[in-house]
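Following: one structure in structure tokens, then a few remarks.
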Number of protein chains: 2
Amino acid sequence: MKYCSDCGASVTLRIPPGDTLPRHVCASCGTIHYQNPKIVVGAIPEWGERILLCRRAIEPRHGFWTLPAGFMENAESTAEAAARETLEEACARIEVGDLFTLISVPHINQVHIVYRATLLDLDFGPGEESLEVALFEEKDIPWDDIAFRTIALTLRHYFEDRRRGSFGTHNASIALPPAATVP
Amino acid sequence: MKYCSDCGASVTLRIPPGDTLPRHVCASCGTIHYQNPKIVVGAIPEWGERILLCRRAIEPRHGFWTLPAGFMENAESTAEAAARETLEEACARIEVGDLFTLISVPHINQVHIVYRATLLDLDFGPGEESLEVALFEEKDIPWDDIAFRTIALTLRHYFEDRRRGSFGTHNASIALPPAATVP
């Protein structure tokens, strides 16, 4: 951020009075521009023993598989976001169920939230951001080709809980991958 | 938003190609400025049968009681945010426990997340944003003076679950108050 989105003047990075962190502050109108984590919401659409995955048609992770998920929009609930993203990416209608995972990803300023969901019919297919959409049994999950660590962790919890016969809600925080911490 | 925070030129509100919602788009450099919900994170600090509440020294809801909570910052996890806010508002150290409520508030573009927590000692007191901080038994909770509906809902779930002897994770969405929908 270089310019004030309210008045167009230059912003400087400094700690406002009473605050503890540097913020982008407008030198002209004084507006403090806070920057906060974004929420990504997704669903695990279930059809009997199978779940729906999408293969990504966009970067990052073009060609890799993921659950339908995306950035939450203003003026919607997290559950509405899960249903909207599933409709957009998999052209699929779901009934959103229980909250399943809430995973912080501090190094990219995101929080990923995934719901269990029931697929309402088999009339699905790739939306604009997907190359293909398919139902997978556990034995066929493409573990080596899952796009994101939060999604892989969510899927591992899902099949563990299913085998145990009881679904919980899982909270976690994912750190920077070890390789990236090597100087 | 009136000006591009990257280049300082004017932005216009329009639907970018491939998108479905109007965004602030820079007429000069083309940057699309997305606006997304913010996350508020809090804790229910427990000390035996009592829980800690803070009376607000700031607007909104100056003078009303609430759980320690505030906007999540970049580069932290939700659990870290709960501990930080509790330290800032109640000068209290906690061990963050299970995720307890996740409540969307679409009409103000927020998602409120509250954790159960264990107060580690009785060395607490009002931070800069609190008038006073105190421990409450259920019978003494100031129900008529709770600052926010998400906090009141969280407290109701908390005492219901405690009576039942089993704490769950509660997901909800809070709509605009009925009075505010009267034209």
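See the values below:
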quantity: Count - residues of segment A:1-18 that are more than 10 Å from chain B (Cβ to nearest Cβ) and in contact with a strand residue (DSSP E or B) (Cβ under 9 Å, 6 or more places away or on another chain); calculated: 5
quantity: Residue that is at pLDDT 95 or above and within 14 Å of chain B (Cβ to nearest Cβ), where the choices are A:94, A:113; calculated: A:113
quantity: Subset tally (residues that are in contact with an Asp or Glu (Cβ under 8 Å, 6 or more places away or on another chain), away from chain A (no Cβ under 11 Å) and surrounded by 12 or more Cβ atoms within 10 Å (Cβ to Cβ)) for segment B:39-51; calculated: 3
quantity: Any hit, segment A:121-129, residues being of a type outside the set (Lys, Arg) and under 26 Å from residue B:80 (Cβ atoms); calculated: no
quantity: Unique match (being in contact with a helix residue (DSSP H, G or I) (Cβ under 8 Å, 6 or more places away or on another chain) and not charged (D, E, K, R)) among A:32, A:94; calculated: A:94
quantity: Residue ID - least open to solvent (accessible area, probe 1.4 Å), chosen from residues in segment B:23-38 that are under 19 Å from residue A:40 (Cα atoms) and either in a loop (DSSP other than H, G, I, E, B) or within 10 Å of another protein chain (Cβ to nearest Cβ) (or both); calculated: B:37
quantity: Search result, residues across segment A:48-61 that are touching a residue at least 60 places away in the same chain (Cβ under 8 Å) and outside any strand (DSSP E or B); calculated: A:49, A:57, A:58, A:60, A:61
quantity: Lone unmet requirement of (1) in a strand (DSSP E or B); (2) in contact with a Lys or Arg (Cβ under 8 Å, 6 or more places away or on another chain); (3) open to solvent by 30 Å² or more (accessible area, probe 1.4 Å); (4) under 24 Å from residue B:107 (Cα atoms) for residue A:87; calculated: (1)
quantity: Filtered residue count, segment A:62-84, keeping only those that are more than 7 Å from chain B (Cβ to nearest Cβ) and in a loop (DSSP other than H, G, I, E, B); calculated: 5
quantity: Test: residue A:68 is in contact (Cβ under 8 Å) with a residue 24 or more places away in the chain, under 24 Å from residue B:34 (Cβ atoms) and open to solvent by 40 Å² or more (accessible area, probe 1.4 Å); calculated: no
quantity: Test: residue B:79 is under 17 Å from the mean Cα position of the chain (by Cα) and without any contact (Cβ under 8 Å) to a residue 40 or more places away in the chain; calculated: yes
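The values are calculated or read from the model by the stated rules, or taken from the named source; none is laboratory data. What you are looking at is a predicted structure, and each value in this text was computed from that prediction instead of being measured. All Cβ positions, even for glycine, are placed from backbone atoms using ideal geometry, and neighbour counts span all protein chains on display. Each accessible area value is taken on the protein alone, full model and side chains, heavy atoms only, with ligands, DNA and RNA left out. Shrake-Rupley method; radii C 1.70, N 1.55, O 1.52, S 1.80 Å.
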